[in-house]
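Below is one structure, written out as structure tokens; comments come after it.
The values are calculated or read from the model by the stated rules, or taken from the named source; none is laboratory data. Just so we're clear, the structure is a prediction, and the values are computed from it rather than from any experiment. As a convention, Cβ positions derive from the backbone with ideal geometry for all residues, glycine included, and neighbour counts pool all protein chains shown.
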Amino acid sequence: MSLATHDTARPDAAEPLMTLQGIGKSFGGVSVLENVDFSLFPGRVLGLAGENGAGKSTLMKVLSGVHQADAGTLTLRGRGVRFATPRQAMDAGIAIIHQELNLVPTLSAGENIFLGREPQRWGRIDWKRLFGQAAELLESLEQSIDPRIPVARLSIGQQQMVEIARALSLDAEIIVMDEPTDALTDVETAVLERVVRTLRGAGKSLVLITHRLVEIFRMCDDVAVLRDGRLVHQGPTASSSEDQLIQRMVGRELADRYPYEPPRLGETVLEVKDMVAPGVRGVSFSARAGEVLGFGGLMGAGRTEMCRALCGDVPRKSGEVWIHGRRVRFVSPGQGLRAGVAYVPEDRKQSGLVLDHSVADNMSLTALPAFCGPLGIVRHARERAAVDHYIEAFRIKLNDPRQRAQTLSGGNQQKVSLAKALMSEPEVVILDEPTRGVDVGAKREIYLLINRLKRQGKCVLLISSEMPELMGLSDRIIVLANGRVSGEFLRDDATQEKIMTAAAAAAPMEN
Amino acid sequence: MNALTSNASFTRLLIDNKAFLALIVLVAVSAAMSDSFLTPDNLLNVLRQTSINAIIAMGVTFVILTAGIDLSVGAVLALTGAFAASMTASGLAPWLSVPGTIASGALLGVISGLFVAYGRIQAFVVTLVAMTVVRGFALVYTDGRPISIGGGEVADAFWQLGGGYWLGIPIPIYLMFFVFVLCWGVLHHTRFGRHVYAVGGNEQVARLSGIDVNRIKVSVYAIAGACAALAGVVLTARLGSAQPNAGMTYELDAIAAVVIGGTSLMGGRGRIFGTLVGALVIGVLNNALNIMGVSSYFQMIAKGAVILLAVLIDSRSRPSS
């Protein structure tokens, strides 16, 4: 009795480049992969879909030698292989670009690309050749990054491109990309798409893990779906619809993707007048209670910078911020929180949560003063009650609130990050890419939470690089370009074209 | 049932605190090797000898929890000890001179803290400089000679803090446990303590969560300074005089105690109980080696080996991240 719907009809059926058969893997008695069969063909792009925790990353780690399978066999070019280390897989022509970037921030882009394989001359590093080749690789990715500047100074999207350039420099035959577009803007994603086509044309076999189904349909020839560690589907992309894929991923039917609720608008809560800050060159807008105000734009357009300035993390050079008709002048996130502005940062792992600390400690961190008695003594019962309340209300899946935040899935981490911001009972909630790296099922739950905030009369500022999400959730959309407002649309007037046109109006000039 | 749960929590304690396990093993081995180890007198002696390092190390724990380091505590001990001695010699009663000494230690900590937090200089560099400068001040202040606490009623009262007994137990042991309870309460049951962990765990997250990171940083150095000053009081009282070279390399013993206790030098992870145990491990080791008549040269080698072993066991048993 197989769950899988295999579609063997393959128009240009060639010999598979690599085959995985009956792969099983468990960690500490918990089975993560069970009996997975899976083939890769030269010159084809395979999309690997599935919810967080379905086993996608683990499967790719087995493929690339990071993990060793407990059961099953790997066959490469018709011969059985075993990879004890990632290095062996690399030598066999398999490159993987991990979700978490593996770059040394203080080294230059070029050094990172050739790390451990620096071109040598007379026993010394041949810098000219190194940077020359790095520049070529980056150029092939349509990036005008100077290979000599440290990776830390690049945007996350550019860092991703450096990571991709490194994989290309290996001249691998199988290239696995784990969520490559997650940190990329639409423009960069388009570049990546072209790169993927070129590689496919060159006969490479590519695996793309992504949460964005649109990309699977746009970039992938085949699609495989993992659910709870089992392969439930593999076949040509063209023979599935988006809804069918989602259904296979979650094992049930999802109602409408974006559960929009019309707002009950209250008074104006937030007014921003001519705000200038690093990366922001004069932004004005206002937002009302119960409104979701979306912010669109390309990467580098100044959206995150605007949020950081608005919440007090980065000093504002000029301009005014008014909340409930009163001018506020906070200069730190702490003062911002007391003024009622909470920021949920885009980079959950570096700015959102202390991953090494418990879920409960993370969640109550922002609102801790509210749980304290005299002398700043924490009233543990009160704190615990609030934590339990949010765990239940947000349906956060965990065994124990004392478990480390790191052990939660991306979606649940994001919910903890949200709960942390909301516990301080802010009036204005800034959500910076709230569904980045979150699976389809958890995304929907976050959307429902946003609706809840709306009903509670909060003023929600939503930044999203996923256009359908932005359009599906916002009551109004402001588009930023080059640090300025370049367009404003009411929900009913907003179209993808209009937003893109406004976003590209004055494309950022840096780089 | 009750016995069962307390048994389970004891097991938990052992698992969570490898240092505690190490301490038990060390005590057992010492008792087996020497008859004179497991006597009440000797055990009180160990605790009293440990108290100074433990008090310093508990203060340093706060700093290390924020991913900082304080190398100046030994020098602070010397300078503040000298303050305490001259205050006592001039007839100032302990209830004035002791808080005064502790305040001066805290102030020295604040100065280091300001450079770390607002000057954005690495804690290692700031406190290395502080170590040198404060030691210099101690030599200048004492003119390189011991300062006696003098005689009389006031000096006797002050001497009690280092050499006195209450209910047959040396006063420094009470002070050590008082500091432990205070630090434990602050770290685990106050907002400030949680903020200390958060700053060490991830400074960026802490700042975005509304924590005044700089204020926390300055505070932890103040705490380390205050603890070092209290240790200075105990040492000065016990010896009856302040030595300009007192507390040399005490900072290293303090850091060793913190590390053996399982606190991460990367910040954000650790416990005050671990530090107390860590200090006891060092104390028991010193005492046992002394009793067994091991030469002090070999003692240093043995101490280093034990520290390395304790830390190795601890790092092996942690989830990798």
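In table form, for the structure just shown:
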{"quantity": "Residues that are among the charged types (D, E, K, R) and facing another protein chain (nearest Cβ under 7 Å), drawn from the range A:327-360", "calculated": "A:Asp356"}
{"quantity": "Residue ID - nearest to B:Ile69 (Cα to Cα), chosen from residues in the range B:112-134 that are assigned to a helix (DSSP H, G or I) and of a type in the set (Val, Ile, Thr)", "calculated": "B:Thr127"}
{"quantity": "Strands (runs of 3 or more DSSP E) lying entirely in the range A:71-170 (those with 1 or more residues that are surrounded by fewer than 18 Cβ atoms within 10 Å (Cβ to Cβ))", "calculated": "A:71-76, A:79-81"}
{"quantity": "Count of residues meeting criterion [within 18 Å of B:Gly247 (Cα to Cα), among the β-branched types (Val, Ile, Thr) and in contact with a Ser or Thr (Cβ under 9 Å, 6 or more places away or on another chain)] in the range B:23-64", "calculated": "2"}
{"quantity": "Filter result for B:Ala75 (farther than 24 Å from B:Thr190 by Cβ and at pLDDT 95 or above)", "calculated": "yes"}
{"quantity": "The range A:435-461 - residue that is in contact with a Phe, Trp or Tyr (Cβ under 9 Å, 6 or more places away or on another chain) and buried (at least 23 other Cβ atoms within 10 Å of the Cβ) and, of those, modelled with the highest pLDDT", "calculated": "A:Leu461"}
{"quantity": "Residues being part of a loop (DSSP other than H, G, I, E, B) and touching a Pro at 6+ places or on another chain (Cβ under 8 Å) - total across the range A:437-474", "calculated": "2"}
{"quantity": "Some residue of the range A:391-404 being in contact (Cβ under 8 Å) with a residue 60 or more places away in the chain, under 30 Å from A:Thr185 (Cα atoms), surrounded by fewer than 23 Cβ atoms within 10 Å (Cβ to Cβ) and more than 10 Å from chain B (Cβ to nearest Cβ)", "calculated": "no"}
{"quantity": "Total residues in the range A:475-487, condition part of a loop (DSSP other than H, G, I, E, B) and out of contact with any Asp or Glu (no Cβ under 9 Å at 6 or more places or on another chain)", "calculated": "1"}
{"quantity": "Conditions (1) over 30 Å from B:Gly201 (Cα atoms); (2) touching a Ser or Thr at 6+ places or on another chain (Cβ under 9 Å); number of the one not met by B:Gly262", "calculated": "(1)"}
{"quantity": "Selected residue (only one of B:Ser72, B:Ser30, B:Ser104 is touching a helix residue (DSSP H, G or I) at 6+ places or on another chain (Cβ under 9 Å), of a type in the set (Ser, Thr, Tyr) and over 25 Å from B:Ile121 (Cα atoms))", "calculated": "B:Ser30"}
{"quantity": "Of the criteria (1) within 14 Å of chain B (Cβ to nearest Cβ); (2) out of contact with any Ser or Thr (no Cβ under 7 Å at 6 or more places or on another chain), which one A:Asp432 fails", "calculated": "(2)"}
{"quantity": "Single match in B:Leu309, B:Leu265, B:Leu252, B:Leu285 (criterion: part of a helix (DSSP H, G or I), over 25 Å from B:Leu38 (Cβ atoms) and of a type in the set (A, V, I, L, M))", "calculated": "B:Leu252"}
{"quantity": "Single residue of the range A:171-186 satisfying the filter (part of a loop (DSSP other than H, G, I, E, B) and among the acidic types (Asp, Glu)) that is surrounded by the fewest Cβ atoms within 10 Å (Cβ to Cβ)", "calculated": "A:Asp171"}
{"quantity": "Only listed residue being over 17 Å from A:Asp228 (Cβ atoms), modelled with pLDDT under 85 and not assigned by the TED database to the domain that holds A:Gly410, chosen from A:Arg10, A:Arg82", "calculated": "A:Arg10"}
{"quantity": "Single condition B:Ala228 does not satisfy, out of (1) modelled with pLDDT of 95 or more; (2) facing chain A (nearest Cβ under 8 Å)", "calculated": "(2)"}
{"quantity": "Matching entry among A:Ile113, A:Ile96 (being closer than 27 Å to A:Arg436 by Cβ, of a type outside the set (Phe, Trp, Tyr) and within 22 Å of the chain's Cα centre (by Cα))", "calculated": "A:Ile96"}
{"quantity": "Any hit, the range B:215-237, residues being among the aromatic types (Phe, Trp, Tyr) and surrounded by 24 or more Cβ atoms within 10 Å (Cβ to Cβ)", "calculated": "yes"}
{"quantity": "Filtered residue count, the range B:238-254, keeping only those that are crowded, with 24+ Cβ neighbours inside 10 Å and over 13 Å from B:Ile52 (Cα atoms)", "calculated": "1"}
{"quantity": "Qualifying residues in the range A:363-378 (those that are among the aliphatic types (A, V, I, L, M) and more than 8 Å from chain B (Cβ to nearest Cβ)) - the one farthest from B:Leu208 (Cα to Cα)", "calculated": "A:Ala370"}
{"quantity": "Residues within the range B:176-208 that are more than 14 Å from chain A (Cβ to nearest Cβ) and either buried (at least 21 other Cβ atoms within 10 Å of the Cβ) or not in a helix (DSSP H, G or I) (or both), tallied", "calculated": "3"}
{"quantity": "The range A:346-364, subset within 28 Å of A:Ile323 (Cα to Cα) and at pLDDT below 90, residue surrounded by the most Cβ atoms within 10 Å (Cβ to Cβ)", "calculated": "A:Gly352"}
{"quantity": "Among the residues listed as B:Ile216, B:Ile211, B:Ile223, the single one being of a type outside the set (Lys, Arg) and not in a helix (DSSP H, G or I)", "calculated": "B:Ile211"}
{"quantity": "Scope the range B:198-222; condition among the hydroxyl-bearing types (Ser, Thr, Tyr) and in contact with a helix residue (DSSP H, G or I) (Cβ under 6 Å, 6 or more places away or on another chain); matching residues", "calculated": "B:Tyr221"}
{"quantity": "Options A:Ala386, A:Ala381, A:Ala419, A:Ala442: the member that is away from every other protein chain (no Cβ under 11 Å) and free of Cβ contacts under 8 Å to residues at least 24 places away in the same chain", "calculated": "A:Ala381"}
{"quantity": "Close pairs from the range A:56-74: first within 12 Å of A:Val176 (Cβ to Cβ) and at pLDDT below 90, partner surrounded by fewer than 16 Cβ atoms within 10 Å (Cβ to Cβ) and aliphatic (A, V, I, L, M), Cβ under 8 Å, at least 6 apart", "calculated": "A:Gly65/A:Ala84"}
